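Take a look at the structure set out below.
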Amino acid sequence: MSRIWENIVLGAGASGLMLCSLLKNRRDTLLLEKGREIGAKIAISGGGQCNLCNMNPKISDYRGEPQFIEAVIKRFDRRELLKWFENRALKTTLREGGKIFCSGSARDVVDIFAREIEGVTLKKSFEVKRAYREGRHFVVEGEKESFRSKNLIVALGGRSYPKLGGGDTGLQIAESFSHSIVSTAPALTGFTPQKEQFFFRELSGISTYVTLKVGERVFAGDLLFAHRGISGPVVLDASLWWERGEIEIDFLPSFSFDRVRSSKKLLSTVLPLPKRLSKVLIELAGVEDRNCYRLTRGEWKRLEVLGSYRFAPAGTFGYARAEVMRGGVDCAEIDPRTMMSRLEEGLFFIGEVLDVTGRVGGYNFQWAFSSAKVCADTLNGGDNRPTPT
Ligand SMILES: Cc1cc2nc3c(=O)[nH]c(=O)nc-3n(C[C@H](O)[C@H](O)[C@H](O)COP(=O)(O)OP(=O)(O)OC[C@H]3O[C@@H](n4cnc5c(N)ncnc54)[C@H](O)[C@@H]3O)c2cc1C
């Protein structure tokens, strides 16, 4: 009879690697990864410097069930996470927005995990096809081989960036155990324009500070015009909350036209915007670029559109270019004290496969690592594990 592992962890990404690093019983743990390398997303994250976590995280910066998220994150918060990495000689740097990055390279994080998971049996280039229960054990099947375990931990991430391992095996496994899935969509990605906004393309490469409203939420930050539409941190954040329909952009936050109404300068030179963008937006407002003092009251009125430009994006850049998937396994069916399924004893879900998604700024790694810690505590025999019913 084939070996029965204590734990099989599916996916060597952020959450699976942190879990394996924290497990006491590594000799009896099998880690299965379809990629040829571990931590593919970590390695290229944060522009190659990995935005590990955030100095001032707020639960409202996550999309998901707030109480569930809080219960998990407080068990391994930013302070403990940083301490863990600092104890392993990782140097970090604080940047604007409270973002904490590696001072060196994101590869340093992957290297730490490679060392920390020593003892765990790692099987790379193994694509998990399905998993099911057979008697008291779980069976995990690949193309040619299958494995058995007492505990099964699904750390397979979401659909984003298929070329870095994204896929929906985690969701399929959850469904096969009768878990509900909260509808998924690409998030932390750009918006594609409708025909009326095709002029964005002419502005490709320009970046400008804006505020952007989606429903009741207002985000501030840089917007980048790209060939495919609009992107940049403020758009990525907005995409987490966007549900088809209009968004509103203020291209001139904290600027008042009153300051320049009597100026002798050309309108396009007094607006605090990149010149090319100024010209395009003035044209969009239906105003001729003249000396400010010559503009009529009607023209100033029309220019107000620059402070509240509304349009409905055609869509997003899709999973190929989305940093994360939003939605996922319904957290109502997971116990936040253990990360164990409420439907299947011994089955755990951690990381992005769950219906918890953070905005840009280190929130998603924090989630991956905190959920891994809660799961590790449980598997290490912590007293947070409920008595099986
Ligand atoms: C370009 C980019 C930059 C990012 N930058 C940041 C950042 O700076 N800060 C931040 O907080 N977040 C960032 N993120 C988001 C972050 O990477 C994810 O939220 C995080 O990696 C999720 O961790 P996870 O363990 O749940 O999933 P993943 O890290 O995606 O790991 C899942 C693993 O499962 C493997 N897998 C999938 N299917 C199978 C299968 N069938 N069989 C076997 N193995 C499988 C995958 O290959 C992968 O290794 C970024 C994402 C991207 C794409």
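The values are calculated or read from the model by the stated rules, or taken from the named source; none is laboratory data. As the structure is a prediction and not an experimental result, all values here were calculated from the model. Ideal geometry is used to build each Cβ from the backbone, glycine not excepted, and the neighbour counts take in all protein chains shown. Ligands, DNA and RNA are excluded from the accessible area calculation, which covers all protein heavy atoms including side chains. Shrake-Rupley method; radii C 1.70, N 1.55, O 1.52, S 1.80 Å.
A few remarks follow.
- Search result, residues across segment 70-95 that are assigned to a helix (DSSP H, G or I) and within 14 Å of the ligand (Cβ to nearest atom): 72, 73, 78, 81, 82, 85
- For segment 185-293, the helices (runs of 4 or more DSSP H) that sit wholly inside it and include 3 or more residues that are farther than 23 Å from residue 95 by Cα are 267-270, 275-284.
- Residue check for residue 348: within 16 Å of the ligand (Cβ to nearest atom) and either open to solvent by less than 40 Å² (accessible area, probe 1.4 Å) or of a type in the set (Lys, Arg) (or both): yes
- Residue count for segment 93-107, restricted to those that are buried (at least 17 other Cβ atoms within 10 Å of the Cβ) and touching a Phe, Trp or Tyr at 6+ places or on another chain (Cβ under 9 Å): 1.
- From the options 11, 16, 35, 47, residue that is assigned by TED's automatic domain parsing to the domain that holds residue 166, modelled with pLDDT under 95 and either within 8 Å of the ligand (Cβ to nearest atom) or of a type in the set (A, V, I, L, M, F, W, C) (or both): 47
- Considering the conditions (1) within 7 Å of the ligand (Cβ to nearest atom); (2) charged (D, E, K, R); (3) not in a loop (DSSP other than H, G, I, E, B), residue 27 is excluded by exactly one of them, (1).
- The test for being open to solvent by 50 Å² or more (accessible area, probe 1.4 Å), more than 16 Å from the ligand (Cβ to nearest atom) and of a type in the set (A, V, I, L, M, F, W, C) does not hold for residue 303.
- Selection count, segment 168-195, where residues are in contact (Cβ under 8 Å) with a residue 24 or more places away in the chain and over 19 Å from residue 214 (Cβ atoms): 12
- Residue within segment 381-388 that is touching a strand residue (DSSP E or B) at 6+ places or on another chain (Cβ under 9 Å) and at pLDDT 95 or above present: no
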